[in-house]
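What follows is calculated from the coordinates using simple rules that are stated; it is not laboratory data. These figures come from a predicted structure and were not determined experimentally. Note that we place each Cβ from the backbone using ideal geometry, even for glycine, and neighbour counts take in every protein chain shown.
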Amino acid sequence: MLLDLHDSFLKTKIINSNVFYKEELESTNREAKKLISNYGIVACDKQTHGHGRHGRKWISTPYKDLAFTIIIPNDCNINGQNLVDIACESIVFNLQKLDVEPTIKYPNDIYIKDKKIAGVLCEQIITDKITAPIIGIGINVNSNLNDLKLVKDKLYTSLFIELGQKTNRKNLLKDIVEKIDDIIQKQVYQ
C-alpha cells in the first residue's frame, strides 16, 4: 500500500511540514539535496539506490519499509553527530512504544538484539544560497524473512518479524519526525 503523505499531516514547529512524496526515488537524500529550500520531508515507497555511511547500500523492501529524509533548517545550529543522536533517540522512543526493545549501536544504527532494524545518515548540503543538514532514515517496518534474505552481509529484522503484525508506516514516520522536531525545539530554545 502506498504511503498517503500530504503537507498537513505533520505537526512540527522547526521542521518544514511540506512533504515531497514520489512513489519511486533513487535516494531520498539525493532528492532532498535538490529540494532543500522548499520541503521538510522527502519520502518514497520504493528507494532503488539507498545508501548509508561509507557508501554502504541500504535496501528497503518496496511498499513495506520506510525510507525518508528530513531537511533540518540551518539556523538550528546542531552538528551532524548530534542530529544523528537525536534521530536515533527518536526512533528508539517510538519503537519502544510498539513494545520492542531497540538499542542504539553507535554511531548511527538501531538494533533489536543482534539484528539491525534501522539506520540514520546525516549529510551537510551546501549550495550557493543554502547550507543545511539532512537526515536520511531507513527502517525495516513490514519486511518479512524472505524480503530480508536479499541482504546477505548482516543480520536484519523488522517490526513485522518482531511483532508478528503489520505496523502503519505513515503513523510511524509522523511520530518519529514529530519527536525529532520536539527534541530540536528543546535544544534550540533552551
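Going by the alpha-carbon gyration tensor, a ≥ b ≥ c the square roots of its eigenvalues, is the stretch 55-154 rounded (a/c under 1.5) or, if a/c is not under 1.5, prolate (a/b greater than b/c) versus oblate? It is prolate, given that a/c is not under 1.5 and a/b is the larger ratio. Divide the volume of the convex hull around the Cα atoms of the stretch 8-185 by the residue count and you get 107 Å³ per residue. Between 0 and 90 degrees, the angle of helix 80-97 with respect to the longest Cα principal axis of the chain falls at about 50 degrees. Measuring against 19 Å, Cα to Cα, the residue pairs K116/K179; K115/K179; K57/K115; K13/K105; K57/K129 contain K116/K179; K115/K179; K13/K105; K57/K129 as the ones spanning a longer distance. Each of K154, K116 was scored by other Cβ atoms within 10 Å of its Cβ. Arranged with the fewest first, they read K154, K116. In sequence order, the stretch 157-169 has phi-based couplings of 9, 9, 4, 4, 5, 6, 9, x, 8, 6, 10, 6, 5 Hz under the Karplus curve 6.51 cos²θ - 1.76 cosθ + 1.60, θ = phi - 60°, and Gly or Pro positions carry x. If R0 equals 45 Å, the separation of the Cβ atoms of E26 and K166 corresponds to a calculated FRET efficiency of about 0.95.
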